[in-house]
Amino acid sequence: MKKKKINYKPWLFLSPALFVYIVVVIAPIIYSLGFSFYNYSGIGKMTFAGLGNYKRMFCDSTFITAIKNNLLLMVGSTAIQMILGLGLAILLSNIRKFANALRVAYFIPCIISSAAICQIFSKMFSILPEGVIPAIMKMLGMTPIAFLSDSKFALLVIIILDAYKYVGMHMLIFYSALMDIDTSVIEAAIVDGCGWWKLHTKIKIPMIINIVVMELVLLVNGTLKAFDISYILTKGGPGTTTELVATYMYKTSFGMTKLGLGSAMSVFLALESLLAVGIVRYIGNKLQKKYS
């Protein structure tokens, strides 16, 4: 029997991207995994701690709070971005005039830096000096609330701002998917008397279910690793109200100089993201089979 020749051409073209992925993603994860078994402050000798860092991590009440906050952010921001992104995409797909201008307007927050967005909204929510939001509340006869320093509202503000920054990107993905649907299918449904609601819920959305699943994966993975909005706007406060796993990991590693414990948290974050994405993919495959 002749041996089957191995085609090396695909690997040749794949190798540059694969090399970058290994260096930037895989190697740091493996390095962090090894580092998590040691105690190290950045100066002096490393001492072996075994599973000590993992035990300390799960006994830390702030870390447990950060996990809860992260899950709330994941659910809230994902829901807002999915609903608004898909809703805006459907709206734009039915608009003929000024559609391009509206797409650009919705996408602008995505290209503005997180620091700029946080600076803008911190001024808007400011009590002293009075910002736009407190001024509007006064005009309506309401008592102004310091949203960013109130433990009841701070995390909600972070969720809304996180969704606000990235919803435009997901809107464009949904819009592209909707515009790729075969027009003959839509025309046939309209001729058969299909109304606007059923046209979207029974035909258009099921036809882009693979894009919906992909979006869920991106959103779940992205929100679990959220860092910038929370850290820049509130530094995790007031107290630990807006502390996230990524922000607490950063503070532990570079603020408290507990690099081993911070590495353990990074390993947890990677495993948490993999588990969440695996669950979403499993549910997504079920949905794809149902509508295929």
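The values are calculated or read from the model by the stated rules, or taken from the named source; none is laboratory data. The structure displayed is predicted, hence computed values, not measured ones. Don't worry about glycine lacking a Cβ; one is built from the backbone with ideal geometry, like all the others, and counts go over all protein chains shown.
Take the stretch 249-274 and flag every residue that is out of contact with any Lys or Arg (no Cβ under 7 Å at 6 or more places or on another chain) and within 18 Å of residue 47 (Cβ to Cβ).
First, pick out the residues of the stretch 249-274 that are out of contact with any Lys or Arg (no Cβ under 7 Å at 6 or more places or on another chain): 249-251, 253-260, 262-268, 270-272, 274.
Scanning the stretch 249-274 gives 253, 256, 257, 258, 259, 260, 262, 263, 264.
Summed over the stretch 88-103, the residues that are closer than 30 Å to residue 234 by Cβ and either among the charged types (D, E, K, R) or loosely packed, with under 14 Cβ neighbours inside 10 Å (or both) give a count of 0.
Condition check: modelled with pLDDT of 90 or more and either surrounded by fewer than 21 Cβ atoms within 10 Å (Cβ to Cβ) or within 18 Å of the chain's Cα centre (by Cα) (or both). Does residue 175 satisfy that?
Numbers: modelled with pLDDT of 90 or more: yes; either surrounded by fewer than 21 Cβ atoms within 10 Å (Cβ to Cβ) or within 18 Å of the chain's Cα centre (by Cα) (or both): no.
Against the criterion (modelled with pLDDT of 90 or more and either surrounded by fewer than 21 Cβ atoms within 10 Å (Cβ to Cβ) or within 18 Å of the chain's Cα centre (by Cα) (or both)), residue 175 does not qualify.
Criterion first (surrounded by 18 or more Cβ atoms within 10 Å (Cβ to Cβ), out of contact with any strand residue (DSSP E or B) (no Cβ under 6 Å at 6 or more places or on another chain) and not hydrophobic (A, V, I, L, M, F, W, C)) does residue 201 satisfy it? So residue 201 does not fit the description; no.
For (1) charged (D, E, K, R); (2) touching a Gly at 6+ places or on another chain (Cβ under 8 Å); (3) under 13 Å from residue 70 (Cα atoms), each residue gets a yes or a no:
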residue: 207; (1), (2), (3): no, no, no
residue: 211; (1), (2), (3): no, no, no
residue: 222; (1), (2), (3): no, no, yes
residue: 226; (1), (2), (3): no, no, yes
residue: 238; (1), (2), (3): no, no, no
residue: 244; (1), (2), (3): no, yes, yes
residue: 266; (1), (2), (3): no, no, no
residue: 277; (1), (2), (3): no, no, no
residue: 281; (1), (2), (3): yes, no, no
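Considering (1) among the small types (Gly, Ala, Ser); (2) within 29 Å of residue 247 (Cα to Cα); (3) modelled with pLDDT under 95, say which one residue 89 fails and leave the rest. Evaluating residue 89 over (1) among the small types (Gly, Ala, Ser); (2) within 29 Å of residue 247 (Cα to Cα); (3) modelled with pLDDT under 95 leaves (2) as the failure. Residue 278 fulfils the conditions (1) crowded, with 17+ Cβ neighbours inside 10 Å; (2) within 29 Å of residue 175 (Cβ to Cβ) except for a single criterion, (1). I need a count of the residues in the stretch 157-177 that are within 29 Å of residue 207 (Cβ to Cβ) and either hydrophobic (A, V, I, L, M, F, W, C) or out of contact with any helix residue (DSSP H, G or I) (no Cβ under 7 Å at 6 or more places or on another chain) (or both). Qualifying residue count for the region: 9.
Residue pairs whose Cβ atoms lie under 8 Å apart, separated by 6 or more positions or on different chains, with the first residue in the stretch 149-169 and surrounded by fewer than 21 Cβ atoms within 10 Å (Cβ to Cβ) and the second basic (Lys, Arg), do not occur. Is it fair to say residue 247 is polar (S, T, N, Q), part of a helix (DSSP H, G or I) and surrounded by fewer than 19 Cβ atoms within 10 Å (Cβ to Cβ)? Criteria not met by residue 247. Given the condition of a type in the set (A, V, I, L, M), exposed (fewer than 10 other Cβ atoms within 10 Å of the Cβ) and under 20 Å from residue 257 (Cβ atoms), answer yes or no: does some residue in the stretch 33-46 qualify? Among the residues of the stretch 33-46, at least one is of a type in the set (A, V, I, L, M), exposed (fewer than 10 other Cβ atoms within 10 Å of the Cβ) and under 20 Å from residue 257 (Cβ atoms), which makes the answer yes.
Applying the criterion of being over 22 Å from the mean Cα position of the chain (by Cα) and part of a helix (DSSP H, G or I) to the residues of the stretch 253-275, the residue that is surrounded by the fewest Cβ atoms within 10 Å (Cβ to Cβ) is 255. Close Cβ contacts (under 7 Å, 6 or more residues apart or on different chains) running from residues in the stretch 44-63 that are farther than 19 Å from residue 251 by Cβ to residues that are surrounded by 10 or more Cβ atoms within 10 Å (Cβ to Cβ) and of a type in the set (Lys, Arg) are absent.
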